[in-house]
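The values are calculated or read from the model by the stated rules, or taken from the named source; none is laboratory data. Because the structure is predicted, anything quoted here is derived from the model rather than measured. In this analysis, Cβ positions are derived from the backbone assuming ideal geometry, glycine residues included, and neighbour counts consider all displayed protein chains. Please note that ligands, DNA and RNA were not included when accessible areas were found on the heavy atoms of the full protein model with its side chains. Shrake-Rupley method; radii C 1.70, N 1.55, O 1.52, S 1.80 Å.
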Amino acid sequence: MTSQICARCDKSTNQPVIVGQVHSASCGGRTAYACPSCAPSFLKRRDPLAELAAMRRARQQGWVR
């Protein structure tokens with residue numbers, strides 16, 4: 001992988017970690033990268049499909065209304 005700029009410390013890193021997607025109304029989005037030392041400070045990305053499946057299972061089992 002090529003060198004990227006860390007979204008937190010603004011330093012170049014040869015080991016970038018994907019930490020999110022940046023969306024824009026005027027142009028396409030981009031991927032946000034962080035260096036390995038800054039990556040743990042970002043929130044973990046959640047899988048929306050896994051969350052939907054968990055909510056469906058909870059409803060089927062009567063845990064929520």
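Structure notes:
- Qualifying residue in segment 9-17 (condition: among the β-branched types (Val, Ile, Thr) and touching a residue at least 24 places away in the same chain (Cβ under 8 Å)): no
- Counted residues, segment 1-59 - those being assigned to a strand (DSSP E or B), modelled with pLDDT of 90 or more and open to solvent by 90 Å² or more (accessible area, probe 1.4 Å): 1
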